[in-house]
Amino acid sequence: MSDTLKQLTEAVIAGNATLAGKITEQALAEGIAPTKVLTDGLIAGMSVVGVRFKAEEIFVPEVLIAARAMKTGVEILRPRLAGEAVPMAGTIVLGTVQGDLHDIGKNLVAMMMEGVGFKVIDLGVNVAPERFVEAINEHEPDLVGMSALLTTTMPMMKETLEAFKAAGVRGRVKVVVGGAPVNENFARQIGADGYAPDAGSAADLAKALVVTG
Amino acid sequence: MDKMRPVERIKLAVEHKQPDRVPVFPVCVAHAAKNYGITYRDYCTSAENLARAAIHCSRTYGLDGVFVQACGWQEAEAMGVELYYPEDNAPSGKAPIVKTREELKKLRVPDPLKDGRMPMVVKANELVVKEVGHELYVKSQIDQAPFALACELVGFEQAFLLMYDDPSFLHELLEICTETQIRYGKAIASTGVHNVFMGEAIASQISPAQYKEFSLPYNRRVIDAMHELGVTVTLHTCGNSSYILELMADTGADIIEFDSMVDIAEAKRRVGDRVCLQGNVDTGLVLQGTPDEVEAAAKDCIEKAASGGGFILACGCEPAPNTPQANLHALVAAAKKYGRYPITQ
Ligand code: B1M
């Protein structure tokens, strides 16, 4: 891999947004393809961060600054990527379910999704089932992502899915769920299309689901 | 059969001595409201309700202490954060109020006898101390530890970013938060409570180095001030605080209450000689498990942490509102059944 991309990866890992921006521009000036800058530079850096976070070597603040550095690079690439006719990965409507106000994890998921090319419509926290339904009708997303951090709000994921069925929109979206107390089994039980244990895998899963359609 | 007064039992544990048995004191908040048959909103907005519900909860289960906590946002509220009050759920802040240096300059240390619901909490403590203070150990919130309060005022992620972008901004804010806690703590201490409680759920999400810079020194100042008034302090963290156990002990806190993600045997080994440990049965189990499972988990905690004293049996965090009564009864029964001193490991 080129030194420039290696430096870019390092800048993302270090969470240095200014540097990540500069190196992104430099890489483009060197004639490296924008998609390559994205995958082998920015996303590669963020993947390392994801692994280190999972291994508990780094903490949320380090993930946040790394995500910000990645985003800085992505913003610079965006117009060029459009030029290369790389389509958006898709659109995702994301939110923390009703009764639940935890959003740090959900926001990391949003950043990773953006990183891999999704357009993210973030509905915030305490999102009522009807608001999810409204957002599906309004934005016609490929995916809906729900986050819950409380044992007591997990059932709200099921209720939200039922509201999708009642409103006749369930078939139009794939649904991904996550959050500390949620697991694969629960996701299957409530009829979601997928579960991801962390933000990095959520982005991978989302991509896979959109491709399989 | 219990001969010792509950307040003495906890006091001995806090002094690292062995009472007659392991004290048991899960800190109930939303569950106290539910158990008393009132909505959270009614619970957290009236001194009378707060005091009655807290006492009622301790009486229901035979707890060794009473916990007085309205919610985790009232210092922020008294400083100007607008709260949203769901009918039957804990209130929370609508939006951060300190985004710029100008806003930081305008921020004032609230007056605990005038601002927000602080006077209500002071009043509730007066009622509780008067009614049961001779018998039960009274623990009151001053709640959000300085760093946690700062997070509420600037926003959680913003606080994290400020650690990198503008630490001096954060330190200035932390000064005000520290002063807020000290003043609030003094007002509450004057009611005669035995212990004040500071929570910092968010501390489990930052690195030890960050804790050392942005949390520890400020916590220590609040705790020193409380000690000068003769009041002991509980420091609580949600989540996995294994990384920072020693640093939490370095704050000078008398009791560290920690969540079920921490291995209690390890906590005992690492800091058990310096602080009294309170914990750590999983609140998820207490909500969804059977009484037998709760009893087994409580027994496990006692076996790992009670030897030599300095231990209070509790849940890792506050139990969920609709926690079955039978499970909390089982927790208390376990303290009586397995917690008789002397206990050897
Ligand atoms: C769409 O697809 C996907 C895919 C993956 C997804 C996904 C969606 N969403 C998340 N993921 C995944 O990717 C993320 C990144 O890899 C991960 O996200 P996480 O969110 O898991 O991880 C984050 C990066 C970091 N983790 C966090 O941010 C959560 C940390 C802990 C300490 C925590 C915090 C910080 C807070 N809390 Co709260 N809090 C706790 C937490 C204990 C813990 N360690 O888990 C937990 C979750 N809280 C709890 C509780 C009870 C509460 N909290 C409350 C409040 C708060 C704060 C406001 C103080 C703060 C939230 C700040 C905020 N803006 O989010 C109250 C509830 C408010 C409400 N109605 O929601 C309150 C009721 C009050 C209280 N007693 O503490 C507990 C829940 C118990 C349970 N199982 O039901 C808790 C486990 C602590 C405990 N042991 O008691 C993955 O789960």
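Just so you know, all these numbers are worked out from the coordinates, no wet-lab data involved. All values derive from a computational prediction rather than experimental measurement. Here the Cβ is made from the backbone with ideal geometry for all residues, glycine too, and neighbour counts use every protein chain on show.
Under unit Cβ charges (Lys, Arg +1; Asp, Glu -1), what dipole magnitude, rounded to 20 debye, does segment A:90-212 have relative to its Cα centre?
260
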> Which aspartates and glutamates does residue A:36 reach when only Cα atoms under 14 Å apart count, and residues fewer than 8 places away in its own chain are ignored?
Replying inline: A:3, A:25, A:84
> Pairing the Cα long axis of helix B:156-165 with the longest principal axis of chain B, what angle in degrees results, from 0 to 90 and rounded to the nearest 10?
Replying inline: 60
> Where does helix A:3-14 land angle-wise versus the long Cα axis of chain A, in degrees 0 to 90, nearest 10?
Replying inline: 50
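Dividing the alpha-carbon radius of gyration of segment A:3-81 by 2.2 N^0.38 Å (N being the number of residues), what value is obtained?
1.01
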>> Distances longer than 17 Å among the Cα atoms of segment A:71-156: what percent of all pairs is that?
In response: 51
>> For a 26 Å ceiling on Cα separation, which of these pairs sit above it: B:11/B:299; A:71/A:106; B:34/B:186; A:22/B:212; B:3/B:299?
In response: B:34/B:186; A:22/B:212
> Which of B:297, B:54, B:306 moves most in a GNM of chain B, Cα contacts under 10 Å?
Replying inline: B:297
> Can you list the HN-Hα couplings for segment B:16-23, worked out from phi with the Karplus curve (6.51, -1.76, 1.60; θ = phi - 60°), rounded to whole Hz and with x for Gly and Pro?
Replying inline: 6, 9, 9, x, 5, 8, 4, x
> Assigning unit charges at the beta carbon (Lys, Arg +1; Asp, Glu -1) and nothing else, what dipole magnitude in debye, to the nearest 20, does segment B:1-79 show about its Cα centre?
Replying inline: 300
>> Taking every alpha carbon pair in the protein assembly as shown, what does the distance histogram look like in 10 angstrom bins from 0, in percent?
In response: 4, 17, 26, 26, 17, 8, 3, 0, 0
> Sequence-distant or interchain residues sharing an amide H contact under 5 Å with residue B:311, placed H: which?
Replying inline: B:277
> So if R0 is 30 Å, what FRET efficiency would residue A:18 and residue A:57 give, r being the distance between their Cβ atoms, rounded to the nearest 0.05?
Replying inline: 0.80
>> Nearest 5 percent is fine: what portion of the DSSP beta bridges confined to the protein assembly as shown is antiparallel?
In response: 5
> How do B:211, B:243 line up, fewest other C-beta atoms within 10 Å first?
Replying inline: B:243, B:211
>> Which of the three applies to segment B:5-80, rounded, prolate or oblate, going by the alpha-carbon gyration tensor with a ≥ b ≥ c and a/c under 1.5 meaning rounded?
In response: oblate
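Let me know the mean shielding of B:153-161 by other chains, meaning the per-residue number of their Cβ atoms within 10 Å of its Cβ.
Across the residues of B:153-161, the mean count of other-chain Cβ atoms within 10 Å is 3.
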> Exposure proxy check: A:165, A:174 ranked by fewest other beta carbons within 10 Å?
Replying inline: A:165, A:174
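Determine by what factor the alpha-carbon radius of gyration of chain B differs from 2.2 N^0.38 Å, reporting the quotient.
Details: Rg = 18.8 Å, N = 345, 2.2 N^0.38 = 20.3 Å.
Cα-based Rg divided by the globular estimate yields 0.93.
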> Can you tell which of A:209, A:157, A:128 lies farthest toward the positive end of the dipole of segment A:90-212, using +1 and -1 charges on the Cβ of basic and acidic side chains (Lys, Arg; Asp, Glu)?
Replying inline: A:209
> What's the longest bit of chain B with no exposed trypsin sites (Lys or Arg not before Pro), using DSSP loop states and at most 15 other Cβ atoms within 10 Å as the test?
Replying inline: B:115-345
>> Just to be sure I understand: with springs between alpha-carbon atoms less than 10 Å apart, which residue in A:38, A:143, A:64 has the highest mean-square fluctuation in the Gaussian network model of chain A?
In response: A:64
> Between exposed GluC sites (Glu not before Pro) in chain A, where DSSP calls loop and at most 13 other Cβ atoms lie within 10 Å, what's the longest gap?
Replying inline: A:85-213
> If R0 is 30 Å, what FRET efficiency do you get for residue A:159 and residue B:56 from their C-beta distance, rounded to 0.05?
Replying inline: 0.40
> Toward the positive end of the charge dipole of the protein assembly as shown, about the Cα centre and with charges on Cβ (Lys, Arg +1; Asp, Glu -1), which of B:281, A:105, A:59 goes farthest?
Replying inline: B:281
>> Placing unit charges on C-beta atoms (Lys and Arg positive, Asp and Glu negative, everything else neutral), compute the dipole magnitude of the protein assembly as shown about its Cα centre in debye, rounded to 20.
In response: 700
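Could you tell me the relative contact order of chain B? Use alpha-carbon pairs under 8 Å, at least six residues apart, and round to a whole percent.
For chain B, the relative contact order is 21 percent.
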>> Can you work out the Karplus-derived ³J(HN,Hα) for every residue in segment B:38-44? Use 6.51 cos²θ - 1.76 cosθ + 1.60 with θ = phi - 60°, whole Hz, and x for glycine or proline.
In response: 10, 6, 4, 4, 5, 5, 9
> Given a cut-off of under 8 Å on Cα pairs at least six residues apart, what relative contact order in percent is computed for segment B:296-345?
Replying inline: 60
>> 5 Å is the cut-off here: which amide hydrogens, built 1.01 Å from N in the peptide plane, fall below it relative to residue B:257, excluding neighbours closer than 5 in sequence?
In response: B:235, B:236, B:237, B:278
>> I'd like to know which of B:155, B:207, B:238 lies farthest towards the positive end of the charge dipole of chain B, counting +1 on Cβ of Lys and Arg and -1 on Cβ of Asp and Glu.
In response: B:238
>> If you average the alpha carbon positions of segment B:268-345 and of segment B:175-252, how far apart do those two centres end up, in angstrom?
In response: 23
>> I need the shape label for segment A:90-212. Rule: rounded when a/c is under 1.5, else prolate if a/b > b/c, else oblate, with a, b, c from the alpha carbon gyration tensor.
In response: rounded
> What list of ³J(HN,Hα) couplings, whole Hz, do you get for segment B:80-93 from phi and the Karplus terms 6.51, -1.76, 1.60, once you set θ to phi - 60° and write x for glycine and proline?
Replying inline: x, 6, 7, 9, 10, 10, x, 4, 10, 8, 5, x, 8, x
>> Please state the shape class of segment A:1-138: rounded when a/c is under 1.5, otherwise prolate if a/b exceeds b/c and oblate if not, all from the C-alpha gyration tensor.
In response: oblate
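Let's test the formula: R0 of 25 Å, r as the Cβ-Cβ distance of residue B:168 and residue B:84. What FRET efficiency results, to the nearest 0.05?
After rounding, the FRET efficiency stands at 0.20.
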